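Remarks on the structure that follows.
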Amino acid sequence: MKRYRLREQMNGVAEPPGKVWFWELEAGVIGAGRCIQCGTCVAVCPSNSIGIDEGTNLPELVKMCTGCSLCWDFCPRGGLRYEALWPPSTQARDEDAEIHPAQSRADSSDTYFSVSGGPPADGFGAVVESYAVRASAEIGDVQDGGAVSALLVGLLAAGEIDGALVSKPSTDPDERWKGIATIATTADEVRAASGSFYNQTMALAELDLAPYGLPPKPRIAVVGTPCEVQGLRAMQARRWPTGAHRVEAVVLTIALMCTKNFDYRALTLRELRDKRGVDLDRVSKMDVIRGRLIVEYRDGELAVDEPVKDFHGAALKGCDECADFLGRSADISVGSVGSMSGWTSVLVRTERGRLAFQAARSRLDVRGLDDPAALLRLDALDKKIAERNLQRKLDPDAPLFIDFEEHVRAYSGSDRQPVVIRR
């Protein structure tokens, strides 16, 4: 079947070589159920031709496509080689290599950040410093000690950033416990966005900063999943006349360690509300602990306590292809694995990340990681799953490799399942 079959069917005109249209992304990624809802294609489009379907939360064409190919080139499930964005590392090849991170001072302006390729990242990848961190003062309804919220509040107070791309709860009464992307410009807005959401938000589409009244040259921090950071890094590495989305405004990236995310309608509405009768208006907390999905009401009653594998049908299928649990292309990576309950594991990866961490350090309690080997074990398993699932895509008869119990065993000693955590 011809590569440009969709456009040719519309007008009967053969396409010039080297052009890829949105319809190809739609056929190969969106329609194929592989979209991870990162928003890269929306942000990268120089003609602002791609929007978001309100019914599906998936990318859609809203005006004429010019065939520039960028939506395909920068899509983490399309043409992007996201591993090419990982900074190089020099992991020691000795008996201690399993538990000690590679040490490498890195910055996104260095030449290894390129779309065309780069050396792989061993172990943790490039790491300048690593810590277990929590907020030194109580923030509110936070997750894992509130380290990211405290970091962002500190950077705003220090004047290092003008805002942060985060997720806040939807105000739509029909979308309880749905996270939506927003730019927080004050400490109160950061605090209001604290906590966890288990859905992707098309976050990079929110880099159209016009509605937020920011300075002419704003400085923005982005908190997102590894795939969101992958798309952003790729866009920053290759400049072109942009559309409305200000990728050049991003001065700091914070990756939330992640093995899998969920579709909001499938998880929260279908599985929890409709199948299990969860009253979303009464829910005070949703979390995944020791491989179990926990939903708790405000009065302390447990609404749901089930193995997270029971909800695999609600997960985004494109996540099965990802091998970047540790968020290697970010300035800072954060997650609960490797630290005690109530603390956040922090891997500072770049000089830019180190300076940001130092600017906000007075608002943080900081100590050494409790179990760095747990991070490496889970990262190795994530790569194994991605490889097996890729093999299955090439050979449909190959067995499906999704083993949530093995996820739990991979970080024995930790009390949390590594599903994406939103502060």
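Coordinate-derived values only; no laboratory data. What you are looking at is a predicted structure, and each value in this text was computed from that prediction instead of being measured. All Cβ positions, glycine included, derive from the backbone under ideal geometry; neighbour counts span all protein chains shown.
The table below gives the values:
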| item | result |
| --- | --- |
| Using θ = phi - 60° and Karplus 6.51 cos²θ - 1.76 cosθ + 1.60, couplings along segment 164-169 (whole Hz; Gly, Pro as x) | 9, 7, 9, 10, 10, x |
| In Hz, Karplus ³J(HN,Hα) per residue of segment 305-317 (6.51, -1.76, 1.60; θ = phi - 60°; x = Gly, Pro) | 8, 9, x, 5, 5, 5, 10, 4, x, 9, 7, 6, 5 |
| Those GluC sites (Glu not before Pro) in segment 21-77 that DSSP places in a loop and that have at most 10 other beta carbons within 10 Å | E54 |
| ³J(HN,Hα) computed for each position of segment 353-362 - Karplus, 6.51 cos²θ - 1.76 cosθ + 1.60, integer Hz, glycine/proline x | x, 5, 5, 5, 4, 5, 5, 10, 5, 5 |
| Förster radius 25 Å - calculated FRET efficiency between R81 and S47 (Cβ-Cβ, nearest 0.05) | 0.50 |
| Length gained when the stretch R239-T186 is fully extended (0.36 nm per residue, less Cα-Cα span) | 16.1 nm |
| Q358 paired with K275, simple spin-label distance in nm, labels 7 Å along Cα-to-beta-carbon | 5.0 nm |
| Estimated FRET transfer efficiency (S284, A380; beta-carbon r; R0 41 Å; 0.05) | 0.70 |
| Additional length obtainable on full extension of the chain from E129 to A210, 0.36 nm per residue less Cα span | 25.6 nm |
| Y297 versus S341: modelled label distance in nm, points set 7 Å from Cα along the beta carbon direction | 2.2 nm |
| Sparse-neighbourhood loop sites, trypsin sites (Lys or Arg not before Pro) in segment 13-69 - DSSP loop, at most 14 other Cβ within 10 angstrom | K63 |
